[in-house]
Structures are given as C-alpha cells and as structure tokens.
1. Nearest 500 deg cm²/dmol is fine: what mean residue ellipticity at 222 nm does the chain get from its DSSP H runs of n ≥ 4 alone, each adding -39,500 (n - 2.57), divided by its residue count?
2. Based only on other Cβ atoms within 10 Å, what is the fewest-to-most ordering of Y366, Y428, Y225, Y340?
3. Could you please rank D96, D421, placing first whichever residue has the fewest other Cβ atoms within 10 Å of its Cβ?
4. Compute for segment 378-446: radius of gyration divided by Kirkwood radius, i.e. Rg/Rh, restricted to C-alpha atoms, rounded to two decimals.
5. Given just the C-alpha atoms of segment 137-246, how large is their convex hull per residue in cubic angstrom?
6. How about K401: which aspartates and glutamates have a C-alpha closer than 17 Å to its C-alpha, ignoring those fewer than 8 places off in the same chain?
7. Anyone know which of G288, G431, G91 comes out most mobile in the 10 Å Cα GNM of the chain?
8. Among the trypsin sites (Lys or Arg not before Pro) within segment 395-446, which fall in a DSSP loop and have no more than 15 other Cβ atoms within 10 Å of their own Cβ?
Amino acid sequence: MISMNDNTTLYRADILHFSRSTHTPKKDVCFFRDGALVVREKKIVDIGSFKELLENHPEATLVDYSGKLIIPGLIDSHLHFPQTEMIAKYGSQLLDWLENYTFPTEQKFSNPEYSRDIAQKFLSQLINNGTTTAFVYPSVHKASVDALFTCASDMEMAMVTGKVCMDRHCPDYLQDTPTTAQKDSQVLIDKWHENGRNRYALTPRFAPTSSEAQLAALGELAQQYPSVFIQTHLSENHGEIEWVKQLFPNHESYLDVYDNFHMVHSKSLFGHCLHLHEHEWERLRETGATAVFCPTSNLFLGSGLFCIDKANQYGVNIALATDVGAGTSFNMLKTFGEAYKIGQLQNTKISVLEGLYMMTQGPATYYGLENDIGNLNPGSYADFVVLNPHFDELSKLRCPKSISIDSAEDILFALSFIGDDRAVQATYIAGTNVKKSIKEQQYAMA
Ligand code: GUN
Ligand code: ZN
C-alpha cells in the first residue's frame, strides 16, 4: 500500500487545464504562469498564481516544480490490460490478430496470480506515462477483474473495468454463457462499482462474440444499473462489419444491435467508430454516447481513418485512447500525435489543446465524472501530471525555456512527437506521487 499524503502541499509550476466543458478548447483553456496548486487530503483545494496562493496558504509545504508544466491526470478511454505483453505483434488485421495473438494470450488470465502480476506491470505503464484514469478491458475471467481493481485500489486510482463477455466465435476456453456472463457481471458490480474510486463497465467484447441471448442478459443489467458504464467495440474493420450484418440480419446497423439491447446511452463508450453510417452518428449524438478515437491502433491494424470532422459535424462526444495492445503506445500525448497525423491525411487540423481536452475534461464531462477527475478545479481529486519539457538533448533544443500560454501549446505539441515517459517527471494520484512510489518499490525489489 502506497502511503497517503494528508498534509497541505503547495505545488509551484506553470499550470494548464480546462476548468469546464467547452466546444472551443483553444479559447477556454486556463493557464497560470508561475502558478500554484494546493492539495489537502487527496483533493485540490486551490489553484491560482503562486504569489497569491503562497500568501493564502502559509501552512502549506512547498514543492517547487518551477519550469515544469502541470496538467490534469490523463484519461485513457479504451485499452486492454491482458494485451500488454502482446503489444506490437507483426502482420495482421483485426480478425486474424484476435485469433492468432489475442485469444491465446487472454487465456492466461484465468490464473489469478498471473493476472495480478500483469495488472501491476500494466498500471506501471499507465502511471509512467501520466495516465491516472483508464477504461480497461480485462479478460473473460472474474480473476482478471479482481486483480485489476485490487491493484488500482492500492493506489486509489479511479479505475473503470468489467468482465469481458463472449459466448461464441472465440475459443471454447474463453467462452462464458448468457447466464454466467450476467451472474458474474452482477457479482462484480456489487463488489466493485463505486467501491472507493472504482467504477464498473459492462463489457461485451463486440457484437460478433455475443449471442442475442447474451446481449439481452447484459441489457437487463444495463437497465438495472444505470450508473454502470458500457464499453464495447463498434465499426472498426470492414470484415467485422460484414460479419455483424450476417449475424444480425434483422438489425438496421451495427450500432442498432447494441441499441436494441439498451446499451446506447451517455455512459456508453464505443471503441473506433471508423465506418459509421449517418444515422449511427446521429444516434450517438442523440444519446450522448462517446466515440473513442484510437489512432495508433487504427493505423497498426490498418482499420481506417477516424473522421473527426464528421464526429464534430454531428456533435458526437470524442475521447482519445491508446487501445493497447493493438495500439502501439501507452503514452496519451504520443497518441494525440498520431491523431494529428490522421487529421492531416484528411485535411483536418487537430490542435494539441483539442487533443488534451479529449484526454482530460472532455471525457470527464461526457462520463459525468467532472467533479472528480479531468481538471484541476478545487474539489477534484489531486490527480495530476508534472511534465518536464527538457528531459533530453533534443527536447532541450526544441522546447522553449520559458512557458507562456503559446509556448505551453507548442511544448505539448512537440512532446506529442518527440516525447515519451521521460517527459513525465511525476504522476500524482489522490495527492501521492505514484510514479516515484513505483520506482522506489521496483528499486527495493531489484
Ligand atoms: N474488437 C474486438 N476485440 C478487440 C480487441 O481486443 N482489440 C481491438 N482493437 N478490436 C477488437
Ligand atoms: Zn479495443
């Protein structure tokens, strides 16, 4: 268990965040040059200029990050923890990749000890890269869910996950049934949902691996537990989309399959959304569901180009995500970098402030979590990241020394291409520098 910090601490740094929801992140960004963040008992109690806050909080212990940039803890809206060990496997597109690499790997997670070991390593990756909240797919095994929630709870991380459900079109060793999927999901909801900072997400993997009976059973739970999230995949790959058409001939579209089973609402996260029909975009907007843009995965599996213009045109919520292990990096800024390139291919400019919004206040607001995460407002948890824009020779050469609102934007943009976990000097969760704690634990064990 990592020790808690219950005193008042004042962090001095340049600070950037979005204090509220906005459609114009560039206009509404809040920037404090030589700012301060005051933290007490796991939460933020004040934010403002260093000079003013030093006067207002004389009791606070000073932690000086002058010359560094504090941003909110990052939210990764879609990734798979059992796929950590199979990141960057050569050569196939979605359906073959699932069969050849993913399913055999996920089999290992029936073992609780193995699940705990990989959960720990997975969380280290998130924290090293500044991610403090994640929407995670485990495996079909209850043990994998328990392992991830337990490890996340140890550092009071706001974790969202839920048992993957699949009762067909995958190897026997990974199949559940409509009844066991419903029963196990319900047991796990009762155990973990809103227990500490944890939240549950019903997780049918994707329409092809769930029968109508299973989707109906999970739809019942969705209605019974309206505050529980739903996460699944939607319209990623042309072969997958054709398959869904064949499997569900009576449904108007891929999204309609989920809709029919009460799974499309404001707590629903749909991974990919690459090849949607107009009425599917319209329905996403109408329900307040979120389209999750996974650029590195979409390029890696050759799935297609997310059309950010279309999502914006329809007013659909967009969140960014790594989708590890089809995604090739745990780093959310690098993920934005690839999103930017996908925009370039379609003649759409995505600013880094839009990108930052899609990994902080944007998803926090879409998911109804903005009082806890996604920003640095007083009352929110002290989940934040300290970026060091000058971590190596190249970044020292490229990134301006003095941070202003314009240079902060330039620095974040540069770090999206030349940065990595070395630019993340510290990751705080509920007021504790967990990046430091993990390093110390790893050092002690070595
Ligand atoms: N569709 C169904 N399962 C998966 C998965 O594990 N990764 C990706 N990228 N797409 C999927
Ligand atoms: Zn995925």
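Each reported figure results from applying straightforward, stated rules to the coordinates on display, with no laboratory input. As the structure is a prediction and not an experimental result, all values here were calculated from the model. We place every Cβ from the backbone using ideal geometry, glycine too, and count neighbours over all the protein chains shown.
1. Details: 19 runs with 175 residues, N = 446.
So the helix-based figure for the chain works out to -11000 deg cm²/dmol.
2. On the way: Y366 23, Y428 28, Y225 17, Y340 20.
Listed from fewest to most nearby Cβ atoms, that is Y225, Y340, Y366, Y428.
3. Numbers: D96 13, D421 17.
Ascending number of Cβ neighbours within 10 Å: D96, D421.
4. Details: Rg = 14.3 Å, Rh = 13.5 Å.
My calculation of the ratio gives 1.06.
5. On the way: hull volume 11.1 nm³, N = 110.
In segment 137-246, the Cα hull volume divided by residue count equals 101 Å³.
6. Cα-Cα hits under 17 Å: D14, D34, D64, D392, E393, E409, D410.
7. Checking each option, the largest mean-square fluctuation is seen for G91.
8. Numbers: sites: K396, R398, K401, R422, K435, K436, K439; in loops: K401.
Hits after loop and neighbour filter: K401.
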